Amino acid sequence: MFSVIIPTLWKPSFFFDTLKKLNSIEIIDEIIIISNAPNPHTVFPAKVKLLQMSENTGVNPAWNLGKNIARNEDLLILNDDITLDFDRFLSEVEKYKGSYSMISINHNETDTVVQNITTRSQGFGCCFYINKNNYVDIPTDLIIFFGDDWLFFSCLERGLKIALLPGFQTNGLLSLSSKPFEDPKVGGAFILTELYKYMNSMDDYYTHKYKFSIIIPYYYESASVDTVNNLLKSLKQQSFKDFEVILIHDGINPHKHQLVLDYPYDITYICTDDRYDDWGHSLRDIGIKKAKGQYLMFLNCDNMIYSNCLEELEDKITTPSKILPDYGDFKWDSKDIIIYPILLKGQTPNGITVLRDETLVDEVDCILTGYPVKVDCIDCMQLVMKRARWDYYGGWYDKAFAADGNMYPRFVQENFGAVYTRDILGEHR
C-alpha cells in the first residue's frame, strides 16, 4: 500500500479533483495533505489526512513531516499542480520498486524504456516514489529548493539506483507554487541562500579521508613512463601532505610494470578494460567517483604543481574571507571553488589567444590567471572544486575536446564566483 504526500498552497483550481482520483486508487490507503495556506474546503475524500499548518513551512519540511507520520513504507510524493495517470504510474512502480530506490516519470516523450539515471532530471520532484528506508531527512535549513536533489544525492551516495518511467503524459506544470521565488526581484537572494546551504549539507554528508584528491588520466602513447614517474615523484615534495593520487590509464597499459607506484602518499592505480579515447574525460569521471578527498584537482602528465601548491590552496580554503559580496539578504562566502594561476610553458599571447611553440618551452612563459573563466583563459588543472559539487553536476559530464572550457564557466557562474590564489602555483608544459 502507498501513502501519498502532497504539500499545498491551494493554488491549482483542479487540485480537489486530483484528490478524488487518488482516493479511488485501491493501492493508496492514505493521502497526507500538508496545508501551508488557509484551507478553502470543509469535506474531503475518505483517505485524506489533512495537516493544517499555522504558517507556510515550505515544501521540504512538509515532505519530511509527511514521511515521518506516513503509515506505509512506500511513499508517493506529489506536487499539487501535476496530473497524470496515477493508477498506471503506481502499477509500474510496483514492478520496479525492488530494483530502484526512487522512481519518477520521464518528461522526454521520445524515450520508450526505463532509464537508470545518475543525474536528477528536470521535473523529477513533481512526482516520485521513494521507500521510507531510503528517505534521508532533508536538512532543516532547506525550505523550498533542492529537496529532491538531496533525496536523489543521498540515494546515489549509498549505491542505490534511481529510475525514470517512460510514456506518461502530464499537464506540463512544474512547481507552480515555487515560481515566484525564481523571480530575481522576489526570491533571488533566497535561492542563493538555499543553494549555499545545500552545497554545505552535501559536503557534510561525506566522510572525507583526504583534503585533496589529485586525479591524473593518461595514455602510454601520449605520455612516456618517465614523464608519468617524474610527475608522481614531484608530488612527494608537497609541503601539505593530506592528499591522495588517483592515476588512471586509458585501456590496457603494456608499460604498467615500469611505473613507480611506491610513495609516501596514498596512490591508486586504475587501468580501464576498454579504451575511451576521449581526451581523458571519461577517466576523470572515473576518478571523481573513486575520490575520497574533499577537493578534487585534475592534472595531466605534462602538468606540474609547485611544492607549496596544496598548502596555498588549503590556506585559501581555511582563511575567512575579508570581503563578502552582498546580494541583499545573502552574503557570499563560498570556498567550493578555488582557482590558481599557472605558467604556460612555451606559450605566449598574441592579443587574441595564446600561441604554442614547443621549441620555446624552456624560454617563453605565459601567465594564465584563470580569469575570466572561459575557453583559452583557464586550463583544466587550475580549477579545484569540492567533490560534493562534482557529484551535484553528475561528475565529468562533458566529453567534448574543450570540456573544461565548457563546464568551468558554468560552475563558477552558478557558484557566483570563485576564490583565487595570489601566487602562481603550477606549470603546464
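The values are calculated or read from the model by the stated rules, or taken from the named source; none is laboratory data. What you see is a predicted model; the values in this text were computed from it and never measured. So basically every Cβ, Gly included, is an ideal-geometry build from the backbone, and we count neighbours across all protein chains shown.
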> Which of the residues belonging to region 117-145 are at pLDDT below 90 and surrounded by fewer than 17 Cβ atoms within 10 Å (Cβ to Cβ)?
Replying inline: THR118, THR119, GLN122
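What number of residues within region 63-104 satisfy the criterion of being among the acidic types (Asp, Glu) and in contact with a helix residue (DSSP H, G or I) (Cβ under 7 Å, 6 or more places away or on another chain)? First the steps, then the outcome.
Taking region 63-104 and keeping what is among the acidic types (Asp, Glu), we get 73-74, 80-81, 85, 87, 92, 94.
Adding the requirement that they be in contact with a helix residue (DSSP H, G or I) (Cβ under 7 Å, 6 or more places away or on another chain) leaves 73, 80.
Counting residues in region 63-104 that are among the acidic types (Asp, Glu) and in contact with a helix residue (DSSP H, G or I) (Cβ under 7 Å, 6 or more places away or on another chain) gives 2.
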> Of all residues in region 380-397, which are buried (at least 20 other Cβ atoms within 10 Å of the Cβ) and part of a loop (DSSP other than H, G, I, E, B)?
Replying inline: TRP396
>> Given the criteria within 24 Å of ASP336 (Cβ to Cβ), touching a Lys or Arg at 6+ places or on another chain (Cβ under 6 Å) and at pLDDT 95 or above, does LEU310 qualify?
In response: no
> Of the residues PRO341, PRO409, which is surrounded by 14 or more Cβ atoms within 10 Å (Cβ to Cβ), more than 23 Å from ILE216 (Cβ to Cβ) and modelled with pLDDT of 95 or more?
Replying inline: PRO409
> Where in region 198-285 are there strands (runs of 3 or more DSSP E), lying wholly inside it, with at least 2 residues that are under 30 Å from SER154 (Cβ atoms) and within 22 Å of the chain's Cα centre (by Cα)?
Replying inline: 210-218, 243-249
> Can you pull out the residues in region 375-388 that are more than 21 Å from ASP302 (Cα to Cα) and at pLDDT below 95?
Replying inline: ALA388
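In the list LEU65, LEU9, LEU51, which residue meets the criterion of being more than 30 Å from the chain's Cα centre (by Cα) and farther than 14 Å from CYS127 by Cα?
None of the others qualify; the one that does is LEU51.
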